[in-house]
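A short worksheet on the structure shown next.
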Amino acid sequence: MTMIGLEIHCQLTNLNSKLFCSCKANYREFKINENICPVCMGLPGSLPRLNQEAVKKATMIAMALNCTIPEKIAFFRKNYFYPDSPKNFQITQLNIYGDTSVGGTGSVMIGDKKIRITRIQLEEDPGRLIYDGSSSKNQITLVDYNRAGTPLVEIVTEPDFETPHEVRDFLNILSNILTNLGVADPSLEGAMRADANISIEGGKKVEIKNIGSFHDLEKAVHFEIIRQDSLHSRNIEIIQETRHWDDRRKITVSSRSKEEDLDYRYFLEGDIPWVKIDPEIQKKLKTEMPESISSKKARYISKYNIPAQVADVLSSDKYYSDLFEDAYTESNAKEVANIITTELMGLVDTREKREVSKFTSVHLRDLADAIQSGKVSRNSSKNALHEILKSGKDLSTVISELDLGNVSDESELSRIIAQIISEEPQAVEQSKSNSQTINYLVGKVMQKTKGKADPVLTLDILKKQIGI
Amino acid sequence: MNLKISALDYVQEVKTGNISAEDFVANTIERIQNVDDKLHAFLSVNEDAINQARAIDKKIKSGEKVGDCFGMPISIKDNMCIKDSKTTCASKMLENFIAPYDATVIAKLKRQDAIFVGKVNMDEFAMGLTTEFSAYGPSKNPWNVEYVSGGSSGGSAVSVSALECVASLGSDTGGSVRNPASFCSAVGYKPTYGLISRYGLISYANSIEQIGPLTRTVKDTAFMLNLITGIDPNDDTTIDNKNEDYLSGIESGIEGKKIGIIKEMIGEGIDPAVLSATKDAIAKLEGLGATCEEISLDMVKYSVAAYYTITATEAGSNLARYDNLRYGYDFPLDGYEFNSYISKARRKFGPEVIRRMIIGGFVPSAGHSGKYFLKALKVKSKLTKEVNGAFKKFDFLISPTVPILPFKLGEKIDDPVSLFLVDINTVTANLTGKPAISIPFANSNGLPIGIQLMADSMHDKLLLQAAYALEQTVRLPEVPI
Ligand SMILES: [Zn+2]
């Protein structure tokens with residue numbers, strides 16, 4: 001049986017400051033080595049001061065992943081020399097001297113399958129190494145410390161995955177949870193990184209490090225399983241080793257480093273006192289947490305009668321559920337959900353598209369109301385949506401500019417219907433005995449009006465004129 | 001001009017206009033120039049000190065608000081950061097390190113118009129108790145320049161004792177303030193852990209060390225504590241002392257107080273002169289209305305071993321950042337791979353630092369931590385329990401600060417183990433986080449002896465009252481330099 005376990009590093013990108021100083025957590029907007037201070041540079045005499053907001057957000061993640069929460073958390077030093085680490089130790093968390101990380105064991109369901117969470121810890125991100133120099137002989141390494149000290153949450157799972165597909169499902173669910181909590185933007189470059197351990201039936205465990213995105217994680221797992229399978233089929237032994245993900249060539253490469261042999265000499269970080277997260281504080285945190293995805297879904301189904309599948313899609317993506325929450329009224333909820341899941345989703349499915357879109361919840365509400373009142377047909381609403389996304393103009397302007405309004409003038413419609421009746425005597429005759437045939441006639445009216453006829457009114461007049 | 005003046009008297013004299021800050025500081029600088037060739041307390045002298053004093057005199061004359069120090073000249077151990085000035089930790093590794101920020105204690109004293117006359121000598125990275133491990137040569141004891149000053153805050157103690165400043169800030173990891181204070185006849189104070197911010201103090205063993213003042217009188221120590229204690233947003237380990245005034249009520253006396261005499265600290269190896277001074281101190285305290293009784297603290301006999309295990313572990317980690325990549329001394333990177341570069345760059349560390357870092361790499365390592373580091377933590381926690389128990393019965397604990405007299409330069413430098421035992425009476429306060437003070441008490445053949453009092457956590461004010469009471473019973477000779 002294939003066993004896959006993950007270690008996911010997730011930056012808390014939505015925090016204001018780094019984990020131990022007031023430099024920005026969002027380092028991406030800075031020039032090289034300009035988002036630094038004595039603390040995150042580890043200058044002599046500087047001391048870490050814990051960002052309490054980071055503890056709060058990390059605890060929320062732990063709660064959302066159903067982890068046990070210890071009453072007191074502590075930080076430890078992981079000692080190793082590396083140029084991206086300004087202090088040559090990393091401040092992190094550890095559970096070997098009792099449960100003192102922000103999260104203990106937990107679980108996430110993917111469909112009917114339970115993925116167990118081993119622990120969740122809060123730690124600092126190191127700086128970034130930039131390799132320069134043309135040949136390996138004169139290669140130089142540059143260090144950008146802007147990222148050093150960025151709050152990072154490490155989520156460790158048990159080896160419960162069996163396929164790359166399950167890994168992808170889990171990553172989707174995790175992304176949605178993190179976004180819904182408002183703690184991180186998983187789509188930011190470098191915000192999500194991972195290590196994976198993979199073993200197939202009869203083989204040793206192989207560790208894959210340095211996977212730079214969720215997208216690559218699935219690929220890396222996929223590649224590694226194929227690699228191990230092919231070794232296995234040729235009776236070549238799969239050795240226990242650490243491999244690195246080469247994100248240019250999209251393959252895993254054996255790394256000669258002896259990382260697994262390092263002795264990190266963990267011990268308690270005395271500069272950071274223990275943090276109390278007692279039941280009282282936990283209760284308060286829970287009330288501050290945004291509504292969970294599953295609770296949203298249940299609410300959409302029971303309160304607004306939205307079909308389960310639609311509610312599922314709507315609740316799991318914060319972008320859509322926020323739009324929904326802002327746009328719906330008692331009377332149009334179903335229509336709002338419908339527009340999002342049938343029309344909008346294909347148009348704003350990436351971060352880039354969302355960023356350039358000019359579509360707001362006001363547009364959404366107006367559109368749903370217009371469809372429900374028959375002001376605009378479902379067909380025409382698609383055209384309106386495209387135009388709004390591009391221009392951001394309000395719905396009534398778009399309708400009149402593109403002439404999308406329904407033909408709801410009764411005399412005009414009566415004239416058109418009379419014409420259709422005279423052109424289709426056979427269908428008219430049939431409709432008197434077969435009620436389905438009337439839909440054919442409605443379709444004819446729609447054809448003639450290019451879909452702009454109010455369908456309810458059309459049916460009414462048709463019935464009246466035919467006398468049924 | 002009389003430079004042998006307490007901090008409180010200095011402030012009074014300048015306030016009332018009897019002396020000017022400029023005159024006093026100029027005389028102090030002159031004194032440093034005259035005696036420091038012999039004593040080597042200073043690693044660097046503030047060239048701008050006299051100008052700064054003149055500016056304060058101007059403020060006084062113009063009626064502007066003046067800080068509580070009124071230009072008082074203070075020396076600072078060279079492991080605390082003063083913005084834009086060299087902070088070397090008496091190490092070649094930081095020979096060219098210019099701090100880009102002020103330590104919290106420095107910022108506080110600046111606001112009170114203190115003047116930093118210079119940075120003073122210490123054992124490299126505060127590891128030692130004689131200053132003989134300074135990369136820039138040892139400080140000499142002003143009572144006899146053939147003798148060690150004590151350490152690691154030796155420069156602080158020498159500068160206070162030899163009238164090269166009015167007060168000094170040192171740091172105390174296992175006795176580093178109290179030990180040189182005792183050897184040089186100054187008051188040396190180690191506060192409750194967390195009372196003074198460590199932000200800007202270069203860490204040696206961060207879980208147990210504190211900045212502490214060295215002064216001429218107990219009242220001066222209380223005065224300094226009023227200026228530098230309190231919660232600091234830059235140091236999460238600081239505790240709120242509710243703006244305690246350590247001077248008020250300092251003369252309350254010790255009538256009815258109970259004092260425990262720590263048996264393990266006056267036993268084997270103690271110098272007879274030190275023992276008799278301790279007995280004398282106990283008699284004087286009893287004369288003031290206190291009751292004294294012997295108490296045995298069993299864990300004290302393991303305290304030095306635990307202390308060296310814990311400090312080496314933390315030092316190994318705290319000093320790892322000195323890889324010479326971001327700051328340090330001139331040593332180009334070209335042609336080196338990272339590991340070979342740093343191992344070469346780090347050879348600038350002196351022998352004692354290297355010794356402790358080798359120990360620090362070993363004792364917490366996988367396979368050995370159970371036998372050493374974790375065991376040391378157990379001793380620390382048991383010792384704390386024992387001392388907490390003692391403070392249920394006693395208000396104070398008494399012992400000599402150091403069981404032996406100051407010794408000659410070079411006498412023990414090649415015998416680290418015998419040097420370690422000099423720490424036996426001081427490390428307990430650090431391992432347990434309790435406040436402790438060394439009070440100049442006696443003089444044996446021209447060599448000073450200090451008495452140590454310890455109190456329970458956050459009883460710093462009470463401790464100063466007891467120390468003041470004992471200090472009033474003492475008459476000591478003038479420093480011979
Ligand atoms: Zn910073």
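The values are calculated or read from the model by the stated rules, or taken from the named source; none is laboratory data. Everything numeric here is computed off the predicted structure, so don't read it as measured data. Note that we place each Cβ from the backbone using ideal geometry, even for glycine, and neighbour counts take in every protein chain shown. For accessibility, only protein heavy atoms count, side chains too; no ligands or nucleic acids. Shrake-Rupley method; radii C 1.70, N 1.55, O 1.52, S 1.80 Å.
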Only Lys, Arg, Asp and Glu count, each charged at its Cβ (+1, +1, -1, -1), so figure out the dipole size of chain B about its Cα centre, rounded to 20 debye.
-> 780
Could you tell me the distance between the Cα centroids of region B:1-15 and region B:291-315, to the nearest Å?
-> 39
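Partner chain Cβ atoms within 10 Å, averaged over the residues of A:33-46 - can you pull that number for me? Numbers along the way, then the final one.
Working: counts 1, 0, 0, 1, 2, 7, 3, 0, 4, 5, 11, 21, 17, 9.
Mean number of neighbouring Cβ atoms from other chains: 6.
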Based on the alpha-carbon gyration tensor of region A:291-402 and its eigenvalue square roots a ≥ b ≥ c, which shape applies: rounded if a/c is under 1.5, prolate if not and a/b is larger than b/c, or oblate?
-> oblate
Hey, which lysines would be in cross-link range of B:K301, C-alpha to C-alpha under 17 Å, not counting anything within fewer than 8 residues on its own chain?
-> B:K263, B:K375, B:K378, B:K380, B:K382, B:K385
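Please get the size of the charge dipole for the protein assembly as shown, origin at its Cα centre, with Cβ charges of +1 on Lys and Arg and -1 on Asp and Glu, quoted in debye to the nearest 20.
Working: 112 positive and 124 negative charges, 123 e Å.
For this selection, approximately 600 debye.
For the interface of B with A, what's the total buried accessible surface in square angstrom, probe 1.4 angstrom, rounded to the nearest hundred? Kindly include the intermediate steps, with their values, before the conclusion.
Details: alone 18430 and 23870 Å², together 39550 Å².
Accessible area lost upon association: around 2800 Å².
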A:H386 accessible area, nearest 10 Å², 1.4 Å probe?
-> 90
Calculate what fraction, in whole %, of the accessible area of the protein assembly as shown sits on carbon and sulfur atoms when a 1.4 Å probe is rolled over the protein chains.
-> 50
Work out which residues of region A:68-90 lose at minimum 10 square angstrom of accessible surface when the other protein chains are put back, relative to the chain isolated, with a 1.4 angstrom probe, and list them by number.
-> A:R77, A:N79, A:F81, A:P83, A:P86, A:K87, A:N88, A:F89
Per-residue HN-Hα couplings for region B:414-420, Karplus 6.51 cos²θ - 1.76 cosθ + 1.60 at θ = phi - 60°, whole Hz, x for Gly and Pro?
-> 8, 10, x, 5, 6, 5, 4
Which three semi-axes in whole Å describe the equivalent ellipsoid of region A:410-466, each the square root of 5 times a Cα gyration tensor eigenvalue, listed largest first?
-> 17, 11, 10
Averaged over B:451-460, number of beta-carbon atoms from partner chains that fall within 10 Å | 0
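I'd like the trypsin sites (Lys or Arg not before Pro) in region B:313-415 restricted to DSSP loop residues with at most 11 other Cβ atoms within 10 Å, sorted by number.
On the way: sites: B:R321, B:R326, B:K344, B:R346, B:R347, B:K348, B:R355, B:R356, B:K371, B:K375, B:K378, B:K380, B:K382, B:K385, B:K392, B:K393, B:K408, B:K412; in loops: B:R326, B:K371, B:K412.
Taking region B:313-415 and a limit of 11 other Cβ atoms within 10 Å, the loop trypsin sites (Lys or Arg not before Pro) found are B:K371.
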Using Cα-only point scatterers and the Debye equation, what is log10 of I(q)/I(0) for region B:326-481 at each q in 0.16, 0.17, 0.19 Å⁻¹, rounded to two decimals?
-> -1.08, -1.12, -1.21
Placing +1 on each Lys and Arg Cβ and -1 on each Asp and Glu Cβ in the protein assembly as shown, then taking the dipole about the Cα centre, the residue among B:C81, B:I295, B:L225 whose Cα reaches farthest towards the positive end is B:I295
Each residue of B:314-323 has, on average, a number of other protein chain C-beta atoms within 10 Å of its C-beta equal to 6
What list of ³J(HN,Hα) values in whole Hz, one per residue of region B:373-387 in order, does the Karplus curve 6.51 cos²θ - 1.76 cosθ + 1.60 (θ = phi - 60°) give from phi, with Gly and Pro shown as x?
-> 4, 5, 5, 4, 5, 5, 4, 4, 6, 5, 4, 4, 4, 5, 5
Chain A, dipole about Cα centre (Lys/Arg Cβ +1, Asp/Glu Cβ -1), debye to the nearest 20 | 180
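How do A:Y440, A:Y266 stack up against each other in accessible area, from largest to smallest, with a 1.4 angstrom probe?
Largest accessible area first, the list is A:Y440, A:Y266.
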Can you list the residues, at least 5 places off or on another chain, whose amide H is less than 5 Å from the amide H of A:H244, using H built in the peptide plane?
-> A:K209, A:V253, A:S254, A:S255
List, in order, the whole-Hz ³J(HN,Hα) value for each residue of region B:72-86 obtained from phi through the Karplus relation with A = 6.51, B = -1.76, C = 1.60 and θ = phi - 60°; use x for Gly and Pro.
-> 4, x, 10, 9, 10, 4, 7, 10, 10, 7, 10, 3, 6, 10, 5
Net charge near B:S343: determine it from the other residues with C-beta under 11 Å of the C-beta of B:S343, scoring Lys and Arg +1 and Asp and Glu -1.
-> +1
With all protein chains present and a 1.4 Å probe, the order of B:Y329, A:Y82 from largest accessible area down is A:Y82, B:Y329
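If you take the Cα atoms of chain A, find Rg, then find the Kirkwood Rh from the mean of 1/r over all pairs, what is Rg/Rh?
Numbers: Rg = 29.3 Å, Rh = 26.3 Å.
Ratio of gyration radius to Kirkwood radius: 1.11.
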Give me the net charge of B:T28's neighbourhood, meaning all other residues with Cβ under 12 Å from the Cβ of B:T28; Lys, Arg count +1, Asp, Glu -1.
-> -3
For region A:93-169 and region B:49-97, write down the distance between their C-alpha centroids in whole Å.
-> 46
Helical mean residue ellipticity (222 nm; -39500 (n - 2.57) per DSSP H run of 4+; nearest 500) of chain A | -12000 deg cm²/dmol
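Quick one: net charge around B:K77, please, counting Lys, Arg +1 and Asp, Glu -1 for every other residue with C-beta under 12 Å from its C-beta. Provide the component values of the computation, followed by the final result.
On the way: positive: B:K119; negative: B:D78, B:D123, B:D172, B:E209.
Spelling it out: positives minus negatives among the neighbours equals -3.
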Residue-normalised value, i.e. accessible area per residue, for chain B at 1.4 Å probe, in Å², stands at 36
What is the ratio of the Cα radius of gyration of chain B to 2.2 N^0.38 Å, where N is its residue count, to two decimals?
-> 0.93
Okay, helix-only estimate at 222 nm for chain B: each DSSP H run of n ≥ 4 adds -39500 (n - 2.57), divide by all residues, round to 500 deg cm²/dmol; what do you get?
-> -11000 deg cm²/dmol
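Mind checking region B:238-273 for trypsin sites (Lys or Arg not before Pro) that DSSP puts in a loop (not H, G, I, E or B) and that have at most 15 other Cβ atoms within 10 Å?
Values: sites: B:K242, B:K257, B:K258, B:K263; in loops: B:K242, B:K257.
In loop regions of region B:238-273 (DSSP not H, G, I, E or B), the sparsely surrounded trypsin sites (Lys or Arg not before Pro) are B:K242.
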Keeping all protein chains in position, work out how much accessible area B:T16 exposes to a 1.4 Å probe, and write it in Å² to the nearest 10.
-> 80
Restricting attention to region B:205-255, which GluC sites (Glu not before Pro) occupy a DSSP loop and are surrounded by at most 13 other Cβ atoms within 10 Å?
-> B:E251, B:E255
Highest mean first, what order results for A:349-355, B:73-79, B:39-45 on Cβ atoms within 10 Å?
-> B:73-79, B:39-45, A:349-355
Which whole-number value in Å² is the accessible area per residue of region A:2-282, probe 1.4 Å?
-> 43
Would you give the gap between the C-alpha center of region A:12-85 and the C-alpha center of region B:123-153, rounded to a whole Å?
-> 39
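Can you work out D for the protein assembly as shown in µm² s⁻¹ from Stokes-Einstein, where Rh is the Kirkwood radius over C-alpha pairs, the temperature is 25 °C and the viscosity is 0.890 mPa s?
Details: Rh = 32.8 Å.
The calculation lands on 75 µm²/s.
Shape call for region A:148-240 from the C-alpha gyration tensor, a ≥ b ≥ c root eigenvalues: rounded (a/c under 1.5), prolate (a/b greater than b/c) or oblate? Each step should come with its number before you reach the end.
Values: a/c = 2.64, a/b = 2.16, b/c = 1.22.
Here region A:148-240 falls in the prolate category.
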